[in-house]
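J.: Here it is: the structure, laid out below.
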Amino acid sequence: TTINSIAELEEVPAIVDISKSLGDMLRYSIKLKREVVELREELIHVNNYVKILSYRYGDKIALTADIPDHLMTLLMPKLVLQPIVENAVYHGIELMRGKGEVRIAASVRGDTVHLEVIDNGAGIAADKLRLLQAALKSWPDEGPSQAGQDEMRSIGLYNIHARIALYCGPPYGIEVESTEGAGTTVRIALPLAPPPARG
């Protein structure tokens, strides 16, 4: 708030914009006491993050969201989408030439909501992808294998998977598909109806 006020006084609109987005992100991350939020809140958090990135990367990163209106109130664990988008940027788009695209899509099949975060970045090498997929198949109590801990992306995605699985129960969580040089898709499975509150 202080940075924002100084930037307004000094008439530096870029810093006003960045500091507001950063402040909103921090409030969402640490001030909201709820661990479960609506999908629309997650998307606002992602948009704030990408807005900050735009001042570093210019128009290199394009974010689109294809979410039906009736899913905007879907309840889900907090801080799921933004870390996945961050992975897409730093492990995919940043490594490629030209413009990168990140698309967030949602659909419903039966009683399960399927969210997808799709990027056209550098993709994941086949050997690393196998380790990551193996880590995501292990139950959260087991933790990822030592091999699966070798890369920060694996740890971040596994932590998201574990939080979803622990809150929603199996078979919910994430899975990853990727083609090196062509991009990565992270699929998130969530229950259409949230689990009952725990006593």
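The values are calculated or read from the model by the stated rules, or taken from the named source; none is laboratory data. The shown structure was predicted, so the numbers you read here are calculated from the model rather than taken from an experiment. Cβ: placed from backbone, ideal geometry, glycine included. Neighbour counts: every protein chain shown. Ligands, DNA and RNA are stripped out before the accessible areas are found, and what is left, the full protein with its side chains, is counted by its heavy atoms. Shrake-Rupley method; radii C 1.70, N 1.55, O 1.52, S 1.80 Å.
J.: Roll a 1.4 Å probe over the protein heavy atoms and report the accessible area of Ser138 in Å², nearest 10.
T.: About 20 Å², rounded to the nearest 10.
J.: If you don't mind, there's one more thing I want to ask. Determine the per residue accessible area of segment 1-65 with all protein chains present and a 1.4 angstrom probe, expressed in square angstrom.
T.: 65
J.: Next question, about the same structure. Say R0 is 25 Å: what FRET efficiency, to the nearest 0.05, do Gln133 and Thr73 get from their beta-carbon distance?
T.: Numbers: r = 31 Å, r/R0 = 1.25.
FRET efficiency, Gln133 to Thr73: 0.20.
J.: Nearest 20 debye, what's the magnitude of the dipole of the chain about its Cα centre given +1 on Lys and Arg Cβ and -1 on Asp and Glu Cβ?
T.: Details: 21 positive and 26 negative charges, 61 e Å.
So the dipole magnitude of the chain works out to roughly 300 debye.
J.: Additional query: Of all the accessible heavy-atom surface of segment 1-121, with the other protein chains kept in place and a 1.4 Å probe, what percent is carbon and sulfur?
T.: Numbers: 3780 of 6760 Å².
Answer for segment 1-121 is 56 percent, counting heavy atoms of protein chains only.
J.: Additional query: Hey, rough spin-label estimate for Ser107 and Leu95, points 7 angstrom out along Cα→Cβ, what's it come to in nanometres?
T.: 2.8
J.: For Lys33, list the lysines whose Cα falls under 19 Å from its own Cα; do not include residues on the same chain fewer than 8 positions away.
T.: Lys78
J.: Could you let me know the centre-to-centre spacing of segment 30-49 and segment 86-117, using Cα atoms, in angstrom?
T.: The two parts, judged by their Cα centres, are 17 Å apart.
J.: Now a separate question. Specify the angular offset, from 0 to 90 degrees and rounded to the nearest 10, of the alpha carbon long axis of helix 126-137 from the longest principal axis of the alpha carbons in the chain.
T.: 70
J.: Report the extension gain between Glu38 and Leu9 in nm, rounded to one decimal, defined as 0.36 nm multiplied by the number of residues separating them, less their alpha carbon distance.
T.: Details: separation 29, 0.36 × 29 = 10.44 nm, distance 3.51 nm.
Gain on stretching Glu38 to Leu9: 6.9 nm.
J.: Between Leu166 and Ile52, what FRET efficiency comes out of the Förster formula 1/(1 + (r/R0)^6) with R0 = 35 Å and r the beta carbon distance, rounded to 0.05? Intermediate values should be presented prior to the final figure.
T.: On the way: r = 30 Å, r/R0 = 0.85.
Efficiency, rounded to the nearest 0.05: 0.75.
J.: Give me the tail of P(r) for the chain as a percent: Cα-Cα pairs with distance above 25 Å. Intermediate values should be presented prior to the final figure.
T.: Values: 7988 of 19701 pairs.
That tail contains 41 percent of the Cα-Cα pairs.
J.: Please report the net charge: other residues with Cβ closer than 12 Å to the Cβ of Ser21, K and R +1, D and E -1. Spell out each step's value before the answer.
T.: Details: positive: Lys20, Arg27, Lys51; negative: Asp17, Asp24.
Overall, the nearby charge balance is +1.
J.: Report, to two decimal places, the Cα Rg of segment 1-73 normalised by 2.2 N^0.38 Å (N = number of residues).
T.: Output field value: 1.27.
J.: Let me ask something else. So how tilted is helix 152-168 from the main axis of the chain? Cα-based, degrees 0 to 90, rounded to 10.
T.: So the helix axis and the longest Cα principal axis differ by about 70 degrees.
J.: For the full complex of protein chains and a 1.4 angstrom probe, list Lys60, Lys99, Lys128, Lys33 by accessible area with the highest value first.
T.: On the way: Lys60 40, Lys99 130, Lys128 100, Lys33 195 Å².
Result, largest first: Lys33, Lys99, Lys128, Lys60.
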